[in-house]
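All remarks here apply to the structure that follows.
Quick note: the coordinates plus some simple rules give every number you see, no bench work behind them. All figures in this text were calculated on a predicted structure; none of them were measured in a lab. FYI the Cβ positions are ideal-geometry reconstructions off the backbone, even for glycines, and counts take in every protein chain you see.
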Amino acid sequence: MEYNFESDIKFLVGDKSLRKSITEIVNLGCRRIMLICDEISDRVGQVSDMLRQFDRELNIVETFRRIGDIATVADCERALRAYKSKECDSIFVAGRKSAVAVAKAVKIMLKDDISFMSNYRTCSVNNISAQHIPLIVVPTNLSTGFEASNYVRIYDTDNNEIFEFNTPFAQTNLIVLDPLMTDTMPAKTVAASGLYALAMAVMSLARNDEVRPLSKVYAVTAINLLTENLKKSILYNASKQYRFKILLATVLAGYAYGQSPRDILGELTDSISDRYRISYRNVFCILFLSYVNKHKWPESLDINTFLTLIGDNDYLEVGQGEEKSKQIIRDSVKGYYARTKKYVKYVDKLRDMGVSQSDFTDIASGIIALHKKDKGKEYTFSFITQLLEDAF
């Protein structure tokens, strides 16, 4: 069990974590629990597997199961009404990113005592609240790391708009990582999740002077877990032990990246995945491979961090220059992608996901419009369009 005193998130990790979490959940003051899950996790039996571990010892008075691949305004408002109708006092999520987003949005709306998310079009989240609404999350797939983030995106499909929140009031209190929840993961999903975790960990470390100390520890731990277990988890997919290590790596990397300042890679991924309604994770991984070649790594970056990717300290030669260090980072990441693709195929070009090259100008212009005051290299039209071209 690990305690994260920096943002007050508790992790319960390992075999029988679900069973052990009962005491923790009760101690959080959960007496009338609302369970939120997505349709896929419910359909494949993961939610039932989880509930069997509790053996009716938790008082779940309401279950909301109707969440699809994205979290919508309608989902959040229906879930909120269900929560209030049963006088719940806490939220338990068993599911994927969309289910977690709905739960976080409900928690924000409860805090502000509103019934319609459209209210947030004209006002921001209230920063004062005396309400205590415990939020417990059990990832049912190889996580995006979103569970440990305070960042929330909700889609208004009727008006083609997006609500974004980044507030401590969206914070998760307890994350339960049990190997039982990885049983249905195919090798392709494991590989994609591993690459996504790598990208998040490296990007969080790229801001060496800005990242929080604990975030840096989580990012390096994630990289080490991936180096030691990703290949094994693909080759020996029946082994719960290796899949679980990738689950842990993605949550740790996601926490580290979520605590870092927003960057061009995250903003581009948001823009593309929203425009085409395609996998955020896949787009992020594709852009990351292109970004590694173009990013101006900070001089203060400790190159030893990245050598864990290749596990060979011989690469670090006495007296090597800054450019040599950058090349080590590039070669390490490229090699990691190449080795993974030996064992399982995955999408590695934007065009294979249906992205149109003719939209690049519009996408780049949209990002730049949000950063008129930013004069850094990453927010120039030429940098963004070249990044997209390389990833295409």
Legend entry - Exposure rule at most 11 other beta-carbon atoms within 10 Å, DSSP loop GluC sites (Glu not before Pro): the chain longest free segment: 88-298
Legend entry - Among LEU28, LEU370, LEU51: highest mean-square fluctuation, GNM of the chain, C-alpha pairs under 10 Å: LEU370
Inset, instruction - Compute log10 of I(q)/I(0) for region 95-189 with the Debye formula, placing one identical point scatterer on every Cα and leaving out solvent, at q = 0.10, 0.14, 0.25 Å⁻¹, to two decimals. - result: -0.31, -0.57, -1.33
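When Rg is the radius of gyration of the Cα atoms in region 2-181 and Rh is its Kirkwood radius, what does Rg/Rh come to? Mind showing how you got there, number by number?
On the way: Rg = 15.2 Å, Rh = 16.2 Å.
My calculation of the ratio gives 0.94.
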Inset, instruction - Subtracting the Cα-Cα distance from 0.36 nm times the residue separation, let me have the gained length for THR184 to THR361 in nm, one decimal. - result: 59.7 nm
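To make sure I understand, if each residue's beta carbon is the centre and we count other beta carbons within 10 Å, what order do ARG78, ARG243, ARG56 fall in, fewest to most?
Working: ARG78 16, ARG243 27, ARG56 8.
Ascending Cβ contact count within 10 Å gives the list ARG56, ARG78, ARG243.
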Legend entry - In region 2-181, lysine pairs closer than 22 Å at Cα, eight or more apart or cross-chain: 13
Legend entry - Nitroxide proxy distance, nm - points 7 Å out along Cα→Cβ at HIS371 and SER85: 4.5 nm
Legend entry - Cα-only radius of gyration and Dmax that characterise the chain, units Å: 20.8, 67
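Could you please report the charge total around ARG351, scoring K, R as +1 and D, E as -1 over all other residues with beta-carbon less than 13 angstrom from its beta-carbon? Present the calculation step by step, with values, prior to reporting the outcome.
Details: positive: LYS349; negative: ASP348, ASP352, ASP359, GLU389, ASP390.
Summing Lys and Arg as +1 and Asp and Glu as -1 gives -4.
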Inset, instruction - Please arrange PHE169, PHE92, PHE54, PHE381 by counting, for each residue, the other beta carbons lying within 10 Å of its beta carbon, fewest first. - result: PHE381, PHE54, PHE169, PHE92
Inset, instruction - Order by neighbour count: ILE114, ILE91, fewest other Cβ atoms within 10 Å first, most last. - result: ILE114, ILE91
Inset, instruction - For ASP156, enumerate residues with amide H under 5 Å from its amide H, sequence gap 5+ or separate chain, H modeled in the peptide plane. - result: VAL73, GLU161, ILE162, PHE163
Inset, instruction - Could you state the angle between the C-alpha long axis of helix 213-235 and the longest principal axis of the C-alpha atoms of the chain, as a value from 0 to 90 degrees rounded to the nearest 10? - result: 80 degrees
Inset, instruction - Have a look at ASP112, ASP55, ASP270 and tell me which one the Gaussian network model of the chain (Cα, springs below 10 Å) gives the largest fluctuation. - result: ASP55
